[in-house]
Amino acid sequence: MLVMNKVLIICTAFLTVATASVITSCSNNRSTGIEYARNMYDPIAYNPDQPNKNFKDGKTAQTPPAGTSPVGFDKNENYPNTPEGYQAASAGLSNPLPVTVPTLEQGKTLYLNMCSHCHGNEGKGDGSIVKMEKFPAPPSYSTGNSSRGGSMKDLTDGKIYHTITYGLNLMGPHKYQLTPEQRWKIVMYVHELQKLQ
């Protein structure tokens, strides 16, 4: 009997709360309800195009100091995604990282995570995607020929870096997935794969 009374009290309380919620939610269609974190709607920071009394010229967007570059900016991206840019990158870019065992290991890890699904673990163009027979195989780094002409084993630092950055044929650009330093580490490891037979 005591258990029945408790169940009845709980059910009555639940129905009362549910009824009150339905009635109050339907009473005013113009109400947006309770506002949570109002500062998310009205930002505290200035927008770049707003006037700003904190600076002498009254502008929010300021010219950066001389000799600085924006976060994520890569000076090697001055080579456009054109055949001419590819050739200019070949002549003008070389890997700035020293060839060390830790750097090569990091390059190998990045290659295995980002490239091996198409190019294969040893760069022979036999990756898991290719084995599914959904995509054509990319050329082998050691024996294949580049679709831009020349042998894959003769690709320079700049050509590999440019291709990783902008992509080629079915290979998409990796400019936003990999930092410049990560791309250079992959370039370093690809040179090791070019030596395999």
Point to revise | Selection status of Gly120, of a type outside the set (Ser, Thr, Tyr) and closer than 12 Å to Val190 by Cα | key: yes
Exercise for review: Assess whether Pro43 counts as being over 21 Å from Ile164 (Cα atoms) and modelled with pLDDT under 85.
Suggested key: yes
Revision key, fill the gap. When Ala13 is run through (1) in a helix (DSSP H, G or I); (2) at pLDDT below 85, the failure sits at (2)
Exercise for review: List the number of the failed condition for Met152; all other conditions in (1) at pLDDT 90 or above; (2) among the hydrophobic types (A, V, I, L, M, F, W, C); (3) in contact with a strand residue (DSSP E or B) (Cβ under 9 Å, 6 or more places away or on another chain) hold.
Suggested key: (1)
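Please count how many residues of segment 16-40 are of a type in the set (D, E, K, R) and at pLDDT 85 or above. Write out each step before concluding.
First pass over segment 16-40, keeping only residues of a type in the set (D, E, K, R): 30, 35, 38.
Applying the additional criterion that residues be at pLDDT 85 or above yields none.
Of the residues in segment 16-40, 0 are of a type in the set (D, E, K, R) and at pLDDT 85 or above.
Just for segment 150-171: of the residues that are among the hydrophobic types (A, V, I, L, M, F, W, C) and assigned to a loop (DSSP other than H, G, I, E, B), which one is nearest to Phe135 (Cα to Cα)? I'd like the intermediate steps shown before the answer.
First pass over segment 150-171, keeping only residues among the hydrophobic types (A, V, I, L, M, F, W, C): 152, 155, 160, 164, 168, 170-171.
Next, from what is left, pick out any that are assigned to a loop (DSSP other than H, G, I, E, B): 155, 170.
Details: Leu155: 23, Leu170: 8 Å.
Here the answer is Leu170.
Which of the residues spanning segment 172-187 are part of a helix (DSSP H, G or I), closer than 18 Å to Tyr86 by Cα and either touching a Ser or Thr at 6+ places or on another chain (Cβ under 7 Å) or of a type in the set (Ser, Thr, Tyr) (or both)? So that I can check it myself, show each step before the final result.
Step one: list which residues in segment 172-187 are part of a helix (DSSP H, G or I), which gives 180-187.
Remaining after also requiring closer than 18 Å to Tyr86 by Cα: 180, 183-184, 186-187.
If the condition is that a residue be part of a helix (DSSP H, G or I), closer than 18 Å to Tyr86 by Cα and either touching a Ser or Thr at 6+ places or on another chain (Cβ under 7 Å) or of a type in the set (Ser, Thr, Tyr) (or both), then Arg183 is the only one that fits.
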Practice item. Return a yes/no flag: does segment 97-117 have any residue that is more than 22 Å from Tyr176 (Cα to Cα), modelled with pLDDT of 90 or more and among the hydrophobic types (A, V, I, L, M, F, W, C). Key: yes
Check your understanding: Could you list, in sequence order, the residues of segment 149-174 that are surrounded by 17 or more Cβ atoms within 10 Å (Cβ to Cβ) and of a type in the set (D, E, K, R)?
Key -> Lys153, Asp157, Lys159
Review point. Only one of (1) of a type in the set (Lys, Arg); (2) modelled with pLDDT under 90; (3) buried (at least 17 other Cβ atoms within 10 Å of the Cβ) is not met by Lys134, so which one is it?
Key: (3)
Study note, to complete from the structure: Per the list (1) more than 30 Å from Gln177 (Cβ to Cβ); (2) under 30 Å from the mean Cα position of the chain (by Cα), residue check on Asn54 breaks on (2)
Review point. Counting only residues that are in contact with a helix residue (DSSP H, G or I) (Cβ under 7 Å, 6 or more places away or on another chain) and within 13 Å of Leu193 (Cβ to Cβ), how many does segment 119-151 have?
Key: 11
Revision key, fill the gap. Checked against (1) part of a loop (DSSP other than H, G, I, E, B); (2) within 26 Å of Pro70 (Cα to Cα); (3) without any contact (Cβ under 8 Å) to a residue 60 or more places away in the chain; (4) not acidic (Asp, Glu), Ser147 satisfies every condition except (2)
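The values are calculated or read from the model by the stated rules, or taken from the named source; none is laboratory data. Computed from a predicted model, the values in this text were never measured in an experiment. For neighbour counting, all protein chains shown are included, and Cβ atoms are generated from backbone atoms with ideal geometry for every residue, glycine included.
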